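Accompanying notes for the structure given below.
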Amino acid sequence: MSDTTPAQRLGTRCVQSGWQPENGGPRQVPIIESTTFKYATSAEMGALFDLEASGYFYSRLQNPTCDYVAEKLRDLEGGSAAMLTGSGQAASFYSVFNIAGCGDHVVSSSTIYGGTYNLFAVTMKRMGIEFTFVEPDCSDEELEAAFRPNTKAVFGETIANPALRVLDIERFAEAAHAHGVPLIIDNTFATPVNCRPFEWGADIVIHSTTKYLDGHGACVGGAIIDHGAFDWTAHADRFPGLTTPDDSYHGVTYTERFGLGGAYITKATTQLMRDFGSVQSPQAAFVLNLGIESLQVRMARHCENAQALAEFLAADERVSWVKYCGLPGDEDYDLGRKYLPDGSCGVVSFGVAGGREAAERFMGRLKVCAIETHVADARSCCLHPASTTHRQMNDDELAAAGISGDLVRFSCGLEEATDLIADVDQALG
Ligand SMILES: *Cc1c(COP(=O)(O)O)cnc(C)c1O
């Protein structure tokens, strides 16, 4: 466990939390590259299997390197327990499937990552879980009407990828809690540096660590963090998986054995990792930790670059519209001020005047910024969805999906703003 105190600021904890070396121990997180762990007696190992003792036995369930890095993320988000996963997709899936199964229902914001939308609307639907999608700025009546007796969770993104809408976390948390279910927040774009959703009432936070947490386009990964404050036992009938004996683990009842702070993550580890096995490798966790060490320094630069680019674009008539919550007049400016007072993220969306063809021309002229289906990298990258990820759609279908033909998604890296703006300026022609 980390011996840092709450008195330490977030930027210090980005560097110092997690791995704590003993006297003479390695300063950097050791990469424990071992699938398995040795014990003297079967009885000792048996106690681990029964969850009566804690320790490592097989890296599909837990690995020390991954746990040191998960501990750092737990500390940064202010949670009670955390785990790493092999990808952000695995984190999204586990976070919901840990408390919802066949015949259950989940309310989700409609402006979420496309991969998450597909996971929910197609794949998890095939597993018998129904999702109702609501606009992030839906009316109170619409939000209320989305709930059903079998609703098990509410899901949303702090800053939606790619729509860049900011979620009113407090409002969604209140609605979730009024119906006795937790709010799960994907905090990938904001990172704990710019928003800590638990402070606004969220119960579970997930990340695609592939994005800013890694920050160098090096390793795919995910994380789940539990606040430990949601009282599963107060709604025991709704969450039997946490509040009644698990036959696959010798009758352990997670809330009894591990308390409110440990039940959710222990269940996700022992059941979902055991059965689905989307583990992060110790090597990837090591690289992730290197990224998190500089997270606060990097986020400030990403946001500074994005703000400068957004302001340049907003004042340029070769650009028809700009979406960035740091711009006064943006529909999410006030929510951004509330939830993201230190900055939002490095991603800006805008429309190139002249439409789809003009946007394609713009992309072809970029020199510094690379065309990639990625965001949140140290190197700036740029995507024109209409000619790449969404190329099978015509203009009407694009409009229905909320993506216009002129839309360019620009992820500001860590370069100097002057060079990024010069590149965009010449590419606009
Ligand atoms: C990329 C992304 C994901 C999926 O994460 P992977 O690591 O690519 O599996 C989930 N949510 C958001 C907001 C993302 O940007």
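Points to keep in mind about this one:
- Of all the listed residues (Asp231, Asp275, Asp247, Asp226), the sole one being assigned by TED's automatic domain parsing to the domain that holds Thr116 and open to solvent by less than 40 Å² (accessible area, probe 1.4 Å) is Asp226.
- Residue check, Thr151 within 16 Å of the ligand (Cβ to nearest atom) and open to solvent by less than 30 Å² (accessible area, probe 1.4 Å): no
- Residue count, region 364-393 (criterion: open to solvent by less than 10 Å² (accessible area, probe 1.4 Å), aliphatic (A, V, I, L, M) and more than 16 Å from the ligand (Cβ to nearest atom)): 1
- Residues of region 1-36 satisfying the condition of being surrounded by 13 or more Cβ atoms within 10 Å (Cβ to Cβ), in a loop (DSSP other than H, G, I, E, B) and at pLDDT 95 or above: Ser17, Gly18, Trp19, Gln20, Val29, Pro30, Ile31, Ile32, Ser34
- Some residue of region 252-267 being among the polar types (S, T, N, Q), within 20 Å of the chain's Cα centre (by Cα) and more than 16 Å from the ligand (Cβ to nearest atom): yes
- Pairs, first charged (D, E, K, R) in region 100-118, second away from the ligand (no atom under 16 Å from the Cβ) and outside any strand (DSSP E or B), C-beta under 9 Å, six or more apart: Asp104/Gly128; Asp104/Ile129; Asp104/Asn150
- Being surrounded by 19 or more Cβ atoms within 10 Å (Cβ to Cβ), at pLDDT 95 or above and within 20 Å of the chain's Cα centre (by Cα) is a property that Ala146 lacks.
- Candidates Ser387, Ser349: the one that is more than 19 Å from Thr188 (Cα to Cα) and among the polar types (S, T, N, Q) is Ser387.
- Every condition in (1) away from the ligand (no atom under 16 Å from the Cβ); (2) in contact (Cβ under 8 Å) with a residue 24 or more places away in the chain; (3) closer than 23 Å to Arg257 by Cβ; (4) surrounded by 15 or more Cβ atoms within 10 Å (Cβ to Cβ) holds for Asp50 except the one numbered (4).
- The condition of being outside any helix (DSSP H, G or I), surrounded by fewer than 12 Cβ atoms within 10 Å (Cβ to Cβ), more than 16 Å from the ligand (Cβ to nearest atom) and not aromatic (Phe, Trp, Tyr) holds for only one of Cys102, Cys138, that being Cys102.
- Residue check for Ser17: free of Cβ contacts under 8 Å to residues at least 40 places away in the same chain and closer than 19 Å to Cys66 by Cβ: no
- Ser320 vs. criteria more than 24 Å from the chain's Cα centre (by Cα) and among the hydroxyl-bearing types (Ser, Thr, Tyr): yes
- Taking residues in region 203-214 that are farther than 20 Å from Glu170 by Cβ and part of a strand (DSSP E or B), and partners anywhere that are more than 8 Å from the ligand (Cβ to nearest atom) and among the small types (Gly, Ala, Ser), the pairs with Cβ atoms closer than 9 Å and at least 6 places apart or on different chains are His207/Ala223; Ser208/Ala223.
- The residue that is surrounded by the fewest Cβ atoms within 10 Å (Cβ to Cβ), counting only those in region 394-429 that are part of a helix (DSSP H, G or I) and of a type outside the set (A, V, I, L, M, F, W, C), is Asp396.
- Enumeration of residues in region 144-200 that are in contact with a Cys (Cβ under 9 Å, 6 or more places away or on another chain), more than 28 Å from Glu71 (Cβ to Cβ) and touching a residue at least 60 places away in the same chain (Cβ under 8 Å): Leu164, Arg165, Val166
- Residue selected from region 204-239 under the condition of a type in the set (Asp, Glu) and closer than 19 Å to Gln89 by Cα, by the criterion nearest to the ligand (Cβ to nearest atom): Asp214
- Each residue in region 189-214 was checked for being β-branched (Val, Ile, Thr) and open to solvent by 10 Å² or more (accessible area, probe 1.4 Å), and 2 pass.
The values are calculated or read from the model by the stated rules, or taken from the named source; none is laboratory data. All values derive from a computational prediction rather than experimental measurement. FYI the Cβ positions are ideal-geometry reconstructions off the backbone, even for glycines, and counts take in every protein chain you see. Each accessible area value is taken on the protein alone, full model and side chains, heavy atoms only, with ligands, DNA and RNA left out. Shrake-Rupley method; radii C 1.70, N 1.55, O 1.52, S 1.80 Å.
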